[in-house]
Amino acid sequence: MEQSGVEKMIAFVILNYNTWEMTFRCVDSIFETCKQNYTIYIVDNGSPNDSFERLNEQYHENKNVVLIQSENLGYARGNNTGIKAAMNDGHNIIAITNNDVIFLDESIERMYTFLNEHEDASVAAPYILSPEGDLQNLPTLKPIKTSDYFLYNTKLSNFASSKAKMNYEQEYYLQAASIKDVPIPIYKFSGCCFMATREMWEKVGFFDENTFLYYEEDILSNKMHTAGCKAYYLPNAKIVHHHGLTTGKDNLFVDTEMVKSELYFLSKYHQLNFLGLFFIYMDRAITPIMKKIRKRYNLTGKDYLAYLRKTWLHFIKCT
């Protein structure tokens, strides 16, 4: 493969928060499968347990691992810390990966080779499997129209017909049955793992740091689309994602951060007006109650009022 006399080095950026055992497994999978020269940047995001000490003990003598200790910066700022460190060290291919990801044989090599051989490609996104071997996180093919966002991403979808929902899914999302062993142009990819060029980060200005968790890939995909940067889905580059093990599922913290990030995304990047944002806010405001009714988590009146206060203040900020 032609490198124009300069080998393109890969950097892996991994955030750790408390779950150092998962970080070990992720890093081991890189050790076992990466054939290129690389550096792994582990950003410990202010873990209150002994994660940093465990990581430092494991990797302090490994020249391929750089350990960065910080306060809890969230996903966007934490990853930006690692990306900027990697770029300062001269890396021009940067993989962002959750620490609950396991790279399978050839996955890194195939993403790396694709980005090197296709000058129009800014991002290579892998085929994501669950631990049970099921396909996860199918990418979005194009930006979702605001009207369809309202109809199919709120409780209005309860009134849509099965056929309408199917048409929506087929219009916007890659369908598993249509996947062949060839690269597929996509719009939005999963933030759990992807490989990107240095030029892309320089062009779009890194992750937007106005979110703490969630909607980072929505925002990045929007910025890339606006800047003319292209993303591709590579079915032959396979990883395993232990989804939900880093943040957990169905808890009030997750719901709070998701609403805050969604309101910010819709306000800034969709330029949604006050009435539109208010509708989305009211739709999300009853989500914890619905989850309590379905026994997906416990919810006290005090907890719910705190949720409303935090999300309402963020709604006001976005408007």
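Structure notes:
- The calculated Kirkwood hydrodynamic radius for the chain is 20.8 Å, given to one decimal from all distinct C-alpha pairs.
- Rel. contact order, % - alpha carbon contacts under 8 angstrom, at least six apart, the chain: 20
- Ranked by the mean number of other Cβ atoms within 10 Å of their residues, highest first, the peptides 88-101, 172-185 fall in the order 88-101, 172-185.
- Least to most buried among Glu132, Glu106 (fewest other Cβ within 10 Å first): Glu132, Glu106
- Ranked by the mean number of other Cβ atoms within 10 Å of their residues, highest first, the peptides 206-218, 302-314 fall in the order 206-218, 302-314.
- Lys pairs, the range 268-319 - Cα-Cα below 28 angstrom, 8 or more residues apart or on other chains: 11
- Cβ-placed point charges (K, R +1; D, E -1), dipole of the chain about Cα centre in debye, nearest 20: 1600
- ³J(HN,Hα), Karplus 6.51/-1.76/1.60, whole Hz, each residue of the range 107-115, x for Gly, Pro: 5, 5, 4, 6, 5, 4, 4, 4, 5
- In Hz, Karplus ³J(HN,Hα) per residue of the range 26-32 (6.51, -1.76, 1.60; θ = phi - 60°; x = Gly, Pro): 4, 4, 4, 5, 5, 3, 7
- Once backbone amide H atoms are built at 1.01 Å from N, Gln36 has no partners under 5 Å, excluding neighbours fewer than 5 places away on the same chain.
- The GluC sites (Glu not before Pro) of the range 1-100 that DSSP puts in a loop, and whose beta carbon has at most 13 other beta carbons within 10 Å, are Glu2, Glu7, Glu61, Glu71.
- Alpha carbon convex hull of the range 158-252, projected area averaged over orientations, nm²: 8.8
- Rg/Rh (Cα only; Kirkwood hydrodynamic radius) as it applies to the range 1-156: 1.01
- Diagonalising the gyration tensor over the Cα atoms of the range 222-319 and scaling each eigenvalue by 5 before taking the square root yields semi-axes of 28, 23, 10 Å, largest first.
- Per-residue HN-Hα couplings for the range 291-307 [Karplus 6.51, -1.76, 1.60; θ = phi - 60°; Hz; x = Gly/Pro]: 5, 5, 4, 7, 6, 8, 6, 7, 8, 8, x, 5, 4, 5, 5, 5, 4
- Dipole magnitude of the range 122-231, debye to nearest 20 (Cβ charges: Lys/Arg +1, Asp/Glu -1, about Cα centre): 380
- The count of lysine pairs in the range 1-155 that are at least 8 places apart or cross chains, and whose C-alpha atoms lie under 23 Å apart, stands at 7.
- Likely footprinting exposure, Ser47, Ser157, Ser261, fewest C-beta neighbours within 10 Å first: Ser157, Ser47, Ser261
- For the range 72-221, alpha-carbon Rg over 2.2 N^0.38 Å: 1.14
- Given charges at Cβ of Lys, Arg, Asp, Glu: the chain dipole, positive-most of Asn88, Gly133, Leu308: Leu308
Since every read-out is calculated from the coordinates, none of them should be taken as a lab result. These numbers were taken from a predicted model, which means no experiment stands behind them. Note that each Cβ is placed from the backbone with ideal geometry, even for glycine, and that neighbours are counted across all protein chains shown.
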